[in-house]
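As structure tokens, the structure follows; a few thoughts come after it.
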Amino acid sequence: MSNKAECRNVREMLERFLDGELSPQEHDRVRGELARCQECRQQFDRLQKLRALIREVYLEEVRRVSLDAVLPGVMERIRAERPGWWQRVMAWLERYQLGLVSPAAPLGVAAALAAAVIAGTLIYATSGTPEGPGVGKGSVEMASE
């Protein structure tokens, strides 16, 4: 039999041991005590049996519930709680910490993006004409002239 104080400390950690919530050192400490102390081992076995019994009772209750009646209500609540596009844009801005505090900030961001797309399209469209820079003769041919 081990030290009574150590037994008491280990028994207080048994729930967390079963849940995998102990640090590696605590885990090793509990395993060592369980290997040494028959009383701690018995307490551990009782705790495992109790948890298995509770799990079985809980599962039996869950088996009685018809999920067909639950699912439509859950889906309705999800749809009702879904944020609008404005909240999603503001959440995106907050997530990336753009520092845009004004409610009109998303409109400014959208306008800037639209301007960039338009400018890019115009540059691309005009660069393909024969008069445009970089089109026509290769750079080697231009250098030889």
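The values are calculated or read from the model by the stated rules, or taken from the named source; none is laboratory data. Because the structure is a prediction, the values reported are computed rather than measured. For neighbour counting, all protein chains shown are included, and Cβ atoms are generated from backbone atoms with ideal geometry for every residue, glycine included.
Structure data summary
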quantity	calculated
Exclusive hit being closer than 30 Å to residue 5 by Cα and out of contact with any Phe, Trp or Tyr (no Cβ under 9 Å at 6 or more places or on another chain), set 46, 55, 77	46
Pairs where the first residue, in the range 78-91, is of a type outside the set (Val, Ile, Thr) and the second is assigned to a helix (DSSP H, G or I), C-beta under 8 Å, 6+ apart	83/91; 86/106; 90/106
The one condition in (1) at pLDDT 85 or above; (2) touching a helix residue (DSSP H, G or I) at 6+ places or on another chain (Cβ under 7 Å); (3) not charged (D, E, K, R) that residue 117 fails to fulfil	(2)
Residue in the range 84-98 that is modelled with pLDDT of 75 or more and outside any helix (DSSP H, G or I) present	yes
Residue 61 being acidic (Asp, Glu) and outside the structural domain of residue 15 (by TED's automatic domain parsing)	no
Filter pass, residue 133 being modelled with pLDDT under 90, surrounded by fewer than 10 Cβ atoms within 10 Å (Cβ to Cβ) and not in a helix (DSSP H, G or I)	yes
Selection status of residue 81, surrounded by 10 or more Cβ atoms within 10 Å (Cβ to Cβ), under 29 Å from the mean Cα position of the chain (by Cα) and of a type outside the set (A, V, I, L, M, F, W, C)	no
In the range 44-67, residue nearest to the chain's Cα centre (by Cα) [restricted to those that are modelled with pLDDT of 80 or more and over 30 Å from residue 13 (Cβ atoms)]	63
